[in-house]
Every structure is written in C-alpha cells, then in structure tokens.
Amino acid sequence: MGRLRVAQIASEVAPLAKTGGLADVVASLSRELESNGNRISIYMPFYRETRIACKGAARQVRKSIPVHLGPGTTQEVNVFQATLTGNKANVFLIENAKAFDRDHIYGTSESDYADNGERFILFCRAVTQLMKESGDEYDVVHCHDWQTALVPAYIRRIYAGEGKLARMAQVFSIHNLAYQGVFGKEVMLKTGLGWELFTPEQLEYWGKVNFMKAGILYSDKISTVSPTYSKEILGSEYGCGLDGLLRTRQADLSGILNGIDTVVWDPAKDARISAPYSAKGMEGKEACRRALLQECGWENEGGKRKMIIGAVARLASQKGFDILVQAIPKLAKKPVKLVVLGRGERKIQDMLEECAHSYPGLLSVQMKFDEAMAHRIYAGADAFLMPSKFEPCGLGQMIAMRYGTLPIVRATGGLLDSIRPIGKRAGSGNGILFKEATPAGIITAVEEALELFKNEVEWKKIIPDIMGADFSWSASARQYENLYVQAIHAMEKRMKNSR
Ligand code: ADP
C-alpha cells in the first residue's frame, strides 16, 4: 500500500511535547507510515516546552491568521514548521501565546487549566481552517483524543460544502476514554457549532458539552489502541458513560495495538544509560542496575540480591498506585526494591512520598517528568510494574521487555494483548499477569516474579527471550493503512448518499 496523504492531529507529539503514551504513538506511527511511502503532516499546538525542544529550529510559515470562533469572536494564530529527528513528517505548530505559552500542557498537579475547552477549540478550529486554506491536500485526517475531536465536527458541520475538506476521510483514535473533554454549557457557544447540536444525541452530556462525542459521531472510522480495550469500552464498566454511543458505532470501531519506537528505545544504542547491552551480551544491564541502585541511594543492597522493580507512569488514579501503596507494608518483607518515577495528581504523589519516607530501604520515588531517568529505570530494573485499573494499551510493558525487564502487569486492556503469562519456565510467555486490582493481587504477582528471579539459571534464559518480542510498528502501521482505506471508502459512500 502506501502513498496516502495523512494529516495527524494531536495535542502532544514526542519529543516536542509529552505527558504520556499519546506523544510516543503519534511520532512513531508517523515515522513508520512515512517509511511505507505515505506522506504525513502533523498538526499540534506550539507550547512553551515545544519551543524549548525545537531549539530555535522552528520556522514561521504563516502570521496572524484570524480564526473564527463563536459569534463575533476571532483570535489570531501564527504557524511554525518543524521536523522531528529521523522522521520525514512535516510538523505544523499552532502558536497563540495566551493559549499555549504556559508552564504545562493541560494543567498542574492541582487541577487542569480552567480554559482547556477554549484552548482546544482554538486549536481545532485553527487546524481545520489551515487545512482548508493551505495548498496541502489530505486523503485522511486522523484525529487523536478529545483535544482534537472537534475537527471532524467542524469539517462535517461547518465546512460540509467545501469540496476539498469534505473529501477528506476522517479517522478518530481513542487513546483513553476516561478523558473526554467535558465542559460547561457556555463552552458550546464558543465552539461556533450551532445550538442544534446541544442534544443528548449530539454533543450534550448531562447538561454539559462533551468534545469526545464529536469525534465518535463525525468520523468515518474510530479506533482504539488495543483490541481488548476496543471491546471493553462497549460495556458500562470501562465505557465511561459513552458505551451506549460507542455501541451505535460498533461496526466502525476497531482496536490496533500500539507499537514502540525501536530506535528511541534500544538498549544497544541508548546514550542515556550507563552501558549498552543486547540479548546476546547482557553485561551492560548489570552496570545499569548498579547505577540505578546508586541513584536511589542504595549502594549497599543489603545482603542477598534484591529484585529491583521499576515503575514509570503518569500518577493518575487509573494507574493503580493507590493500590500499590496499600501493598507496601507486605512488600517491605520481601527481597525487593521499588523505584517509581511519575508526576500527576497531588493526592497520589503525597501518598507515595509518605510511603517512601516510611520505607526508605524499599521505595524510592521521583516526582517529576524525566525522559532520561525513565530510560535508566527501564534499563536498570529487573522487573517493571503496571498495576493499572484499566489500560487502553500501555507502552511501559513493551519498553520494559525491550530492555530485558520483566513486566508485572494487571490483566486488562492492552496489557492483556501484549503480555502472555510466563509460567514456571522460559519460552512459554513474556511476563506476569494478575487479575485482581488489589494489594493481594500485586503481592501474589511479585511473589511469582521473585520465584523466577531467585532461579538464576532460568532467569538468564527468560530475559533474553522476552527481549526478542516484536513490538515494532510494522504490523500495526499496516493495520492503520487498512483503516485509512476503509475510511476513504466510507467517506465516498457517505458523499454519494448525500447527493
Ligand atoms: P499513558 O499514555 O496512559 O500515560 P503509556 O504506558 O501508554 O501510558 O505511556 C507512558 C509513556 O510516558 C511512556 O513512554 C513512559 O515512559 C512515559 N512516562 C510516563 N511518566 C513519565 C515520567 N514521569 N517521566 C518520563 N517518562 C514518563
């Protein structure tokens, strides 16, 4: 296949802005699609951290473009162009200092920015207008998550008559249904979409406006980031109130497992870790392990070799760190050490910090976003824990495997699709899964991992084995290409029927 022209629209793209997996996915999927011969343009906001990451290399291509919002409201944006290292995709950065030149992308650990609705309305409307006005044509517009979900509604409701935009097929990807972009009724006016869309069948959601609904309603095809999650969200437990709407679009909904960027995440060439290593020569991993112990203030392991368990995550309730905290007193009796790198909700940060204070020999926490430290943890830890209550896909478990670090994960969403239980010996699986999101579930899984860890001979077979798992983008990018073609067919049919 190949040779499709695709606009990727997202609120974060690594390494220009990142809070989680979405950023990795948009960057690495785009690179893979490019290398298959497609032409990709990426649209994202120009945040303060993006300006820093660009190191002056972003070039201004459009100036002071008026963007029409609600009645009588216009704001101006500038457009910059940049590239990503090793990636041929063109990146268009939408600049508006008031909306995007801030300390954070979405808000602080206390709360989200109060005007996130307005910020992403501006972004969506600006991108739609730019696609209409620029000389670029796209076969497919691929929007990611609620921050971009108004784009399909704008194309279908406001620009329906504009030949060029109307002929672009639309794909909407749900990376996490728990974040829907729900705002007060007054925000509806600011979208510039008519009040006739403020009904429960359209964008209204219990008296408020829900941006995610626009993406689900107005896209030709909808995807989520793993096959299991695409089924889970059709039920009330994981559907976050939108399962009913999703069931109406079930025929157009699919799940495609994310891949990881095997160039960025490569222990054989990673300049951020103490020593390189590969499945064929694992000495470097031991050096990374020692460096990590030292970094956590545990130079002296204290007698017997301990199993170092790493965790790198957004500290949101979804990730299950509140459950981990409850398991700490029992874990303290086991030969393990825990290193957590994360940033997020204040109450979870506080819980973890208190625990680290009470159990300094067991738990080390770093409350920050630190890409380099994430690499050092993936490389230096023996095991990697993801006690998620739900997990649309999860990248941590795949990255951990690439670094020869045994994943210990809750059996949900994409974790179920990427991890097979290892059992008692090598060759039968690639990680430890546990069913119950409870302290007991975590403890049993850690005990299972310890059984393997204690058996040095078996461990030496298991680790190189899991490093061989293929989580590259090649298969998944092909599935996205298929989805794009299906979306184009669906758009053509829709256009024919509307004539
Ligand atoms: P989610 O998208 O829900 O945040 P994923 O597992 O899909 O979870 O992706 C998380 C990504 O963000 C991984 O690349 C992980 O290494 C990275 N990450 C999360 N928190 C941090 C942090 N505090 N510092 C550095 N990287 C982080």
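The values are calculated or read from the model by the stated rules, or taken from the named source; none is laboratory data. It should be emphasised that the depicted structure is a prediction, and the values quoted were computed from it without experimental measurement. For neighbour counting, all protein chains shown are included, and Cβ atoms are generated from backbone atoms with ideal geometry for every residue, glycine included.
Pick from the stretch 22-54 the residues that are among the aliphatic types (A, V, I, L, M) and surrounded by fewer than 19 Cβ atoms within 10 Å (Cβ to Cβ): which of them is nearest to Val225 (Cα to Cα)? Among them, the one singled out is Ala53. Only one of the numbered conditions (1) free of Cβ contacts under 8 Å to residues at least 12 places away in the same chain; (2) surrounded by fewer than 16 Cβ atoms within 10 Å (Cβ to Cβ) is not met by Lys185, and that is (1). Under the condition of being surrounded by 13 or more Cβ atoms within 10 Å (Cβ to Cβ), free of Cβ contacts under 8 Å to residues at least 60 places away in the same chain and not aliphatic (A, V, I, L, M), which residue from the stretch 426-440 is nearest to Gln326 (Cα to Cα)? Here the answer is Glu436. Residues that are within 14 Å of the ligand (Cβ to nearest atom) and of a type in the set (D, E, K, R) within the stretch 1-18 comprise Glu12, Lys18, listed in sequence order. Residues in the stretch 230-279 that are part of a helix (DSSP H, G or I), over 28 Å from Tyr378 (Cβ atoms) and charged (D, E, K, R): Lys231, Asp243, Arg247, Asp252. Restrict the check to the stretch 130-139 and report whether at least one residue is surrounded by fewer than 24 Cβ atoms within 10 Å (Cβ to Cβ), within 23 Å of the chain's Cα centre (by Cα) and over 22 Å from Glu76 (Cα atoms). Checked against the condition, which is being surrounded by fewer than 24 Cβ atoms within 10 Å (Cβ to Cβ), within 23 Å of the chain's Cα centre (by Cα) and over 22 Å from Glu76 (Cα atoms), the stretch 130-139 yields no hits at all.
Output yes when any residue across the stretch 295-318 is in a helix (DSSP H, G or I), among the aliphatic types (A, V, I, L, M) and within 16 Å of the ligand (Cβ to nearest atom), and no when none is. No, every residue in the stretch 295-318 fails to be in a helix (DSSP H, G or I), among the aliphatic types (A, V, I, L, M) and within 16 Å of the ligand (Cβ to nearest atom).
Go through the stretch 261-304 and report how many residues are under 24 Å from the mean Cα position of the chain (by Cα) and at pLDDT below 95.
Here is the first cut: in the stretch 261-304, the residues under 24 Å from the mean Cα position of the chain (by Cα) are 261-267, 269-273.
Those still in the list that are at pLDDT below 95 too: 261-264.
Residues meeting the conditions: 4.
For the stretch 190-229, name all the residues that are polar (S, T, N, Q) and not in a strand (DSSP E or B). Residues satisfying the conditions are Thr191, Thr199, Gln202, Ser219, Ser226, Thr228. Identification of strands (runs of 3 or more DSSP E) wholly contained in the stretch 379-458 with 2 or more residues that are within 16 Å of the ligand (Cβ to nearest atom) and on the phi < 0 side of the Ramachandran plot yields 383-386, 406-410.
Residues in the stretch 361-378 that are closer than 19 Å to Arg343 by Cα and either assigned to a loop (DSSP other than H, G, I, E, B) or near the ligand (Cβ under 8 Å from one of its atoms) (or both): Gln366, Met367, Lys368, Phe369, Asp370, Glu371, Met373, Ala374, Tyr378. Have a look at Leu338, Leu352, Leu331 and point out the one that is within 16 Å of the ligand (Cβ to nearest atom), modelled with pLDDT of 95 or more, over 21 Å from the mean Cα position of the chain (by Cα) and over 25 Å from Ser274 (Cβ atoms). After ruling out the rest, the residue left standing is Leu352. Here Val79, Val67 are screened, and the one residue that is in contact (Cβ under 8 Å) with a residue 60 or more places away in the chain and among the hydrophobic types (A, V, I, L, M, F, W, C) is Val67.
Results for (1) in contact with a Lys or Arg (Cβ under 8 Å, 6 or more places away or on another chain); (2) touching a residue at least 40 places away in the same chain (Cβ under 8 Å), shown as yes or no for each residue.
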{"position": "Val26", "(1), (2)": "no, yes"}
{"position": "Ala57", "(1), (2)": "no, no"}
{"position": "Ile94", "(1), (2)": "no, yes"}
{"position": "Phe100", "(1), (2)": "yes, yes"}
{"position": "Ile105", "(1), (2)": "no, yes"}
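Only strands (runs of 3 or more DSSP E) whose full extent lies in the stretch 19-127 are considered here, and the ones with at least 1 residues that are on the phi > 0 side of the Ramachandran plot, away from the ligand (no atom under 16 Å from the Cβ) and polar (S, T, N, Q) are 59-68. What single numbered condition from (1) closer than 27 Å to Thr191 by Cα; (2) modelled with pLDDT under 95; (3) touching a strand residue (DSSP E or B) at 6+ places or on another chain (Cβ under 7 Å) fails to hold for Gly72? It is condition (3) that Gly72 fails. Per this entry, Ala445 is counted among residues that are crowded, with 20+ Cβ neighbours inside 10 Å, more than 30 Å from Arg31 (Cα to Cα) and in contact with a strand residue (DSSP E or B) (Cβ under 8 Å, 6 or more places away or on another chain). Among the residues making up the stretch 483-495, those that are under 14 Å from Phe172 (Cα atoms) and of a type outside the set (A, V, I, L, M) are Tyr484, Gln486.
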